[in-house]
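A.B. asks: Below you will find the structure I want to go over with you.
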Amino acid sequence: MKTPIRVAVTGAAGQIGYSLLFRIASGAMFGPDQPVILQLIEAPIEKALKALEGVAMELDDCAFPLLKGIVQTSDASVGFKDANWCLLVGAKPRGPGMERADLLKDNGKIFIEQGRIIDAVAAADARVAVVGNPANTNCMIAASQAKRLPAERFTAMVRLDQNRAQTQLAKKAGADLTTVKSIFIYGNHSPTMFPAFAQATIGGSPATSVITDTAWLQGPFCETVGKRGAAIIAARGLSSAASAANALVDHVRDLMTPGAIHSVAVKSNGLYGFDANVWAGMPVRTTTPGSYEVITGHAMDDFAKSKIAATNKELVEERAFVADMIK
Ligand code: NAX
């Protein structure tokens, strides 16, 4: 039997956690013959820890053959100990009337602490995937604390946005969604993100030759993808959870699958016109399990350049809000 992968998950008793943990334990993330140990981390709040107990009981009751252990804790140094994957889902939500700068700072404290602890106690091959919002900047903050783990081990999730974009293109074209390829998300996981439709193909042809309505691509398409999270909240009264968990399964599975090509928010290093020190969504190709290279050289027209400039501006502003914290 393979050695179990230790998967630490923060916010494990939250909405996304409730959809995510069962997928991981069933083998959807790491494959049908890969055992896992779940290391579940919750905030030190009685209600959350009680809820976590219930989630762990349900995991037990599923009798998943691949699930070889469950750790429940509010102590991050216990939860991240020897973890091979650290899935940072928990975050402080934006309260009514709360300024974005305050949200960034409150979350900054959480992600500084978690980044520091991961760097100290996680496995030598540890990888980090951040979902908790503002995901790109939280990831940048966590990575800023790492002295042992290299920056490229820290990724943030824009896969939900990619999946949303893929489906919107398929629907507009009247095509099966599996025929939509190479739709990549650039920039921030926020309404400023840019789904680069000009790079996409549908049934092997450029998406722009299948969908010739440029006004729709530049307008409603980008807007629908960018504001999908808000549309789900308006309809469901709660934010996306099952689709977010599914996207995280896709994010990690594809990062573990050599040859997979997908959108991931990574340290930009100045590629595609992004500031070198922000984490921005861009296309990557997985090289070996857990490692990747950014796919460079996609041409950008004036429209794409203006969209990238806007999302980069937001990322730079977010970084500036927390600059004093990450020195
Ligand atoms: P919930 O509020 O249901 O759950 C969050 C959980 O995190 C709670 O149980 C809370 O107790 C826990 N938590 C808070 N601080 C913690 C800490 N310091 N350590 C450990 N646990 C902590 O939120 P949920 O709907 O699950 O969403 C989680 C995060 O994902 C939010 O920040 C949300 O904005 C973000 N999202 C990100 C998406 C993306 O594509 N990147 C999409 C979906 C989602 O909106």
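A.B. asks: Identify all residues within segment 35-48 that are more than 9 Å from the ligand (Cβ to nearest atom) and open to solvent by 20 Å² or more (accessible area, probe 1.4 Å); write none if there are none.
C.D. replies: I37, E46 - these are the residues of segment 35-48 that are more than 9 Å from the ligand (Cβ to nearest atom) and open to solvent by 20 Å² or more (accessible area, probe 1.4 Å).
A.B. asks: Moving on to the next point. Looking only at strands (runs of 3 or more DSSP E) that fall completely inside segment 57-154, which ones have 3 or more residues that are open to solvent by less than 10 Å² (accessible area, probe 1.4 Å)?
C.D. replies: Fully inside segment 57-154 and qualifying: 85-88, 127-130.
A.B. asks: Here is a follow-up. Within the set of pairs 6+ apart or on separate chains, which have a first residue in segment 157-172 that is closer than 11 Å to A200 by Cβ, a second that is open to solvent by 20 Å² or more (accessible area, probe 1.4 Å) and more than 7 Å from the ligand (Cβ to nearest atom), and C-beta atoms under 6 Å apart?
C.D. replies: Q166/L177; Q168/T224; A170/L177
A.B. asks: For segment 181-217, give me the residue count where each residue is in a strand (DSSP E or B) and either within 16 Å of the ligand (Cβ to nearest atom) or of a type in the set (K, R) (or both).
C.D. replies: Adding up the residues that qualify gives 6.
A.B. asks: Which one is nearest to V78 (Cα to Cα) among residues in segment 101-120 that are of a type in the set (A, V, I, L, M, F, W, C) and away from the ligand (no atom under 15 Å from the Cβ)?
C.D. replies: Start the filter on segment 101-120 by keeping residues that are of a type in the set (A, V, I, L, M, F, W, C), which leaves 101, 103-104, 110-112, 117-118, 120.
Of the ones still in play, those that are also away from the ligand (no atom under 15 Å from the Cβ) are 101, 120.
Details: A101: 30, A120: 11 Å.
Taking the candidates together, the pick is A120.
A.B. asks: Another question about this same structure. Can you name the residue in segment 208-227 that is of a type in the set (A, V, I, L, M, F, W, C) and open to solvent by less than 70 Å² (accessible area, probe 1.4 Å) and, of all such residues, is nearest to F194 (Cα to Cα)? Talk me through it step by step, then tell me what you get.
C.D. replies: First, the residues of segment 208-227 that are of a type in the set (A, V, I, L, M, F, W, C): 210-211, 215-217, 221-222, 225.
Then drop every residue that is not open to solvent by less than 70 Å² (accessible area, probe 1.4 Å), which leaves 210-211, 216-217, 221-222, 225.
Values: V210: 20, I211: 18, W216: 14, L217: 11, F221: 10, C222: 7, V225: 9 Å.
Looking at the filtered set, the residue picked out is C222.
A.B. asks: Among the residues of segment 284-310, count how many are within 28 Å of W85 (Cα to Cα) and either in contact (Cβ under 8 Å) with a residue 40 or more places away in the chain or of a type in the set (A, V, I, L, M, F, W, C) (or both).
C.D. replies: Summing the residues that are within 28 Å of W85 (Cα to Cα) and either in contact (Cβ under 8 Å) with a residue 40 or more places away in the chain or of a type in the set (A, V, I, L, M, F, W, C) (or both) in segment 284-310 gives 6.
A.B. asks: From the list G297, G281, G259, G229, pick out the single residue that is among the small types (G, A, S), outside any strand (DSSP E or B) and modelled with pLDDT of 95 or more. Quick ask: steps written out before the conclusion?
C.D. replies: Numbers: G297 fails: modelled with pLDDT of 95 or more; G281 fails: outside any strand (DSSP E or B); G229 fails: modelled with pLDDT of 95 or more.
Answer to the selection: G259.
A.B. asks: Among the listed residues F30, F22, identify the single one that is outside the structural domain of G290 (by TED's automatic domain parsing), part of a helix (DSSP H, G or I), under 19 Å from the mean Cα position of the chain (by Cα) and more than 10 Å from the ligand (Cβ to nearest atom).
C.D. replies: F22
A.B. asks: Against the condition under 20 Å from the mean Cα position of the chain (by Cα) and of a type outside the set (A, V, I, L, M, F, W, C), how does R148 come out, does it pass?
C.D. replies: Here the answer is no, as R148 does not meet what is asked.
The values are calculated or read from the model by the stated rules, or taken from the named source; none is laboratory data. Note that the structure is a prediction, hence the values are computed from the model and not measured. No Cβ is skipped: glycine too gets one built from the backbone with ideal geometry, and neighbour counts run over all protein chains shown. Side chains are part of the model used for accessible areas, which takes the heavy atoms of the whole protein and leaves out ligands, DNA and RNA. Shrake-Rupley method; radii C 1.70, N 1.55, O 1.52, S 1.80 Å.
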